[in-house]
Every structure is written in C-alpha cells, then in structure tokens.
1. Using square roots of five times the C-alpha gyration tensor eigenvalues, list the equivalent-ellipsoid semi-axes of segment 24-142 in whole Å, biggest first.
2. Using a Förster radius of 41 Å, what is the FRET efficiency between residue 27 and residue 288 based on their Cβ-Cβ separation? Nearest 0.05, please.
3. Taking Rh as the Kirkwood radius computed over C-alpha pairs, what is the Stokes-Einstein D of the chain at 20 °C in a medium of viscosity 1.002 mPa s, expressed in µm² per second?
4. Whole number please: convex hull volume per residue, Cα atoms of segment 229-288, in Å³.
5. Quick one: angle between helix 122-134 and the longest Cα principal axis of the chain, in degrees between 0 and 90, rounded to 10, please.
6. What are the equivalent ellipsoid semi-axes of segment 62-215, built from the alpha-carbon gyration tensor (square roots of five times its eigenvalues), in whole angstrom, biggest first?
7. Over segment 47-91, consider all pairs of different Cα atoms and compute the Kirkwood hydrodynamic radius from their mean reciprocal separation; express it in Å, one decimal.
8. Could you state the angle between the C-alpha long axis of helix 93-106 and the longest principal axis of the C-alpha atoms of the chain, as a value from 0 to 90 degrees rounded to the nearest 10?
Ligand SMILES: Nc1nc2c(ncn2[C@@H]2O[C@H](COP(=O)(O)OP(=O)(O)OP(=O)(O)O)[C@@H](O)[C@H]2O)c(=O)[nH]1
Ligand SMILES: [Zn+2]
C-alpha cells in the first residue's frame, strides 16, 4: 500500500516515518540514504510496523554541512534555525558564524538562543554576541532548566531546528517545550539510544498543529564546502552594500587593491573577526576547486 508521510527520526540508514496516525520503521529502496528528518516521503507499507521509503518530495529548504569528504544533512523543510549556545561548555564564536552563514545560504531565518542564563558567566558571553544583534539577528536569552517559554512565540507557525555544540541544552529545551504526549516519544527514542544522554539522531516533534521542532545531534564543526567562493560575501549582511564596488569585478576581498569590503573593514564598518572569516572561507573555497 502506497502512502505519504514525514520522516520524524533518522538513524543513519533507518528512518521513522509518520503517516497519518501511525509511525513506521523504514529503510529506503536501494542504496539511497540521503533522506533527513523533516523530509516528506512516499512509502510502501509492508505491515503495521514497517515500510519502505520510495522517494522524497521537493524540499522547501535543506540545512546541511559539508567538509572535504562528506555531506551531512541536518534537517529538511525548516523555516527557522535556533542556534543554541551557552557559556558552558566553552562556546565557539566561529561555529556560530558558520551556522549563520549556512542559514543565510539556505535562506532560513536564524535565531540565536543564549541558554543557561542562570550561570554568572553568561553576561560576558552576551556582550560578545551583541554585534550579531546589531547585524539584525534575533537573540533570546533563556534558562531551559527553568523553562523555555520565551521561545514559544518564535516557534509558532514554523518548523524549526535546534542546532549547536553538544551540551548547550538543545534536548533540555525540547523537553521543556513539548506537550506531555510528545515527551513520551522522546523517552522511547532514548531507550533506543541505550541510555546515552547525548542526542545521537535528529528527531521531529509536534509542538502544536502548525509548529514543529527538530532536535539535532550536537556538532563541533560546521563545514561550508558547499558554498562557492563568489557566494560567500553576500551571506554576510554587513557586506552586502559593498558588493559590486570593488575595483575588480571578481575581487576575492583578500590581496586586491581598492577592495570595497577591505576598505569598510579598515574604516571599522565590518568587524575584523568577520572579515577574516570571509577571507579564510574564500581561500578554502578556492583551494578546494
Ligand atoms: N545551568 C544550566 N544547565 C542547563 C540548562 N539547560 C541545560 N542544562 C544542562 O546542560 C547539560 C546538557 O544539556 P542537553 O540538553 O543534554 O544538551 P544538548 O545540547 O542536547 O547536548 P547534545 O545532545 O550532546 O547535543 C545538561 O546537564 C543539562 O541539565 C540551563 O538553563 N542552566
Ligand atoms: Zn573586494
């Protein structure tokens, strides 16, 4: 029997697909495994518990990371990315920047979540993040241990994904937001993880009829090899006004004379940290060719 459904868990080559009131344990037809949580798929139902994924529907969006060796899909069909950060464990500002760039490239609105606001070190981290608010990115401060209600209005009407380093509190946020019925699903998947506390697979939960949340495994790196050298500068909101104003139309914003972006950097209109990241990524993208 053929049906459509949505992937709500992905465990490497195994997927849980929700179709109507039921969920099915699925493998994919052939060798194809490039499916991800959030994908809408066609399935052939084998019995009450099992089905085979035949193919996926066009995605509205796809968030993924890519290094020189492989592509890692994070979530499909999301309209918001919540980058979860906290002062413990030690946060990486570069990872935040890379995630913001990936969000811009995928045309998905990012929101920065500063979790663990109960920890005294949070004030210093918030100071460091202020420039990102000035760039126009939304920032919300919460203590998920006490609750995550401040996120609810931002989640309403969206399919959202939580990304961030391991231990920043993504799962704690998910549990704080879930209605009781959905939280029980979380317990089942925890049992599948054989008691491990860290999230090993992405999981989609329904907050209400119009709002859905994907919790994803913690990441330490965010490869951006999928973004071409010429596309990079346009992903930095503060650089967009200068595009097309360099002396050379194919300026890489590194060594060239009369570079409008470097000029803006010298005049303090672009932060050194962001300009250096652009230059590093452009160099990597050119060398990878
Ligand atoms: N102090 C404090 N600790 C928190 C808060 N939120 C979460 N934690 C703790 O941070 C640790 C990691 O939380 P998780 O929710 O498992 O983090 P995660 O981001 O899902 O981690 P991974 O699954 O490894 O990606 C746990 O010990 C939580 O209890 C908070 O608001 N304040
Ligand atoms: Zn330039």
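1. The equivalent ellipsoid of segment 24-142 has semi-axes of 36, 16, 13 Å.
2. With R0 = 41 Å, the Cβ-Cβ based efficiency is 0.80.
3. The Stokes-Einstein estimate is 105 µm²/s.
4. 72 Å³
5. Once rounded, one gets 70 degrees.
6. 22, 19, 16
7. 14.2 Å
8. Here the helix axis deviates by roughly 70 degrees.
Every number in this text was worked out from the coordinates using simple rules, so none of it is lab data. Source: prediction; values computed, not measured. Positions of Cβ are backbone-derived with ideal geometry, glycine not excepted, and every protein chain shown enters the neighbour counts.
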